1. If residue B:111 meets every condition in (1) away from every other protein chain (no Cβ under 14 Å); (2) at pLDDT below 85 apart from one, which number is that one?
2. Being open to solvent by less than 40 Å² (accessible area, probe 1.4 Å) and away from chain A (no Cβ under 14 Å) is the filter; apply it to region B:48-69 and report the residue that is farthest from residue B:150 (Cα to Cα).
3. Among the residues of region B:110-144, what is the count of those that are under 20 Å from the mean Cα position of the chain (by Cα), closer than 25 Å to residue A:4 by Cβ and of a type outside the set (Gly, Ala, Ser)?
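The values are calculated or read from the model by the stated rules, or taken from the named source; none is laboratory data. This one's a predicted model, so the numbers in the text were calculated from it and none came from an experiment. With ideal geometry, Cβ positions are generated from the backbone for all residues, glycine too; neighbour counts draw on all protein chains shown. Protein only, heavy atoms only, side chains kept; ligands, DNA and RNA dropped before computing areas. Shrake-Rupley method; radii C 1.70, N 1.55, O 1.52, S 1.80 Å.
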Amino acid sequence: MNQDDYKQVLKDYHKQREIAAYQEKRNLTIPRTTYSILVILFAAFVLSVVGIPFLVFRFTNLPVFAKAIAISLIVIVFSDFAFRYLGIKTIECYQHYAKEEIRRRCICVPSCSEYAILCLKKYELVHALIKIHHRLYVTCYGSDYIIDWPS
Amino acid sequence: MSEETKYLKLARAAREEENSEDAKKFYDMVRTDDPENGEAKFFYQYYSMYEGKNGELANRFVNLVKVLDPSVKFISQSNESESEKLAVIKAIVDVFTPLTWSNIRYMNNLTVKVGNTTEKVLPGSDFTLVQKSGVTGLYDLGDAIVKYFSRSPEAMKLALTPWKEGVFLQQKWCYILKNFNKSPEEYTAKIQKIEPSYTMPQKANWCANKPYDR
């Protein structure tokens, strides 16, 4: 029996228990104001997606293809920001309303929802979605705790 | 100073220095002189667990679990002061509580490559034996402390640590321990009598109907 390996495992025990205690005590809440912000943001998003193309077509003298490119760029840039922000707020709602027994199924630190928020803050929409998908269906699997920060 | 006391002090010093070889040697000497020394009985068995083949680890762990109750009984009957007895009980609790989880972890790490696949060296029956005897040992350690130190509130608090670990592990390994003769609810109730704020940990995700749905 390799005593050094065994002692290393014993040292890991305390780290694992800290993680377990963190998971037990985790109780994320968001303030009520966030919901009104969410509604305002959604309204702003819808108005902008409809309103920006309208303004571009109505009040600019650019050629049609230039207008189309300008609208596409504006919509892509804005929708990336808006979808990420909406995604974060939706996940915060999930953290607030989802049952503990559902949320505790995650075995990772940070939890999948926190990881998703971090990814949405850090990366562009498509990159973030790929990382979140990998985390949900590949990393968060099994019975042992896993530490996995977005990097 | 008697020979036994001298060896006991040397053994404790070796234990604090994490010198398992010397600790085992001195605890063995104490055990030979006084077979009813609970501390020596437990720690000799504990250090014996570190030695030998990996394949016999489960059996050595079962032997350690068997000496828990008599060790606590002998400690409670010894001539030492109450604070010294509690210090020894605390040392036993600190040492024994992480063992079940650590043994499983250590056994999980023992793998061998067969072609392109990695397989565990030890059979599944060894894992089940360690899991069942470990959780039983944790509950029994808490029960023994409560039984032999029922007048000491501090000792009652010490019993909480192995009980909590037992409930945690039984919930974590709920699939393997589903036909186990001890229920986590029973021990949660016992813990809550001493610590009312305690809540039973949730079962592991792989016990749920939809294991990977989150």
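1. The one condition residue B:111 does not meet is (1).
2. By that ranking, first place goes to B:62.
3. Total satisfying the criteria: 5.
For (1) open to solvent by less than 60 Å² (accessible area, probe 1.4 Å); (2) within 11 Å of chain B (Cβ to nearest Cβ), each residue gets a yes or a no:
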{"site": "A:76", "(1), (2)": "no, no"}
{"site": "A:79", "(1), (2)": "yes, no"}
{"site": "A:85", "(1), (2)": "no, no"}
{"site": "A:88", "(1), (2)": "yes, no"}
{"site": "A:98", "(1), (2)": "yes, yes"}
{"site": "A:103", "(1), (2)": "yes, yes"}
{"site": "A:109", "(1), (2)": "yes, no"}
{"site": "A:115", "(1), (2)": "yes, no"}
{"site": "A:118", "(1), (2)": "no, no"}
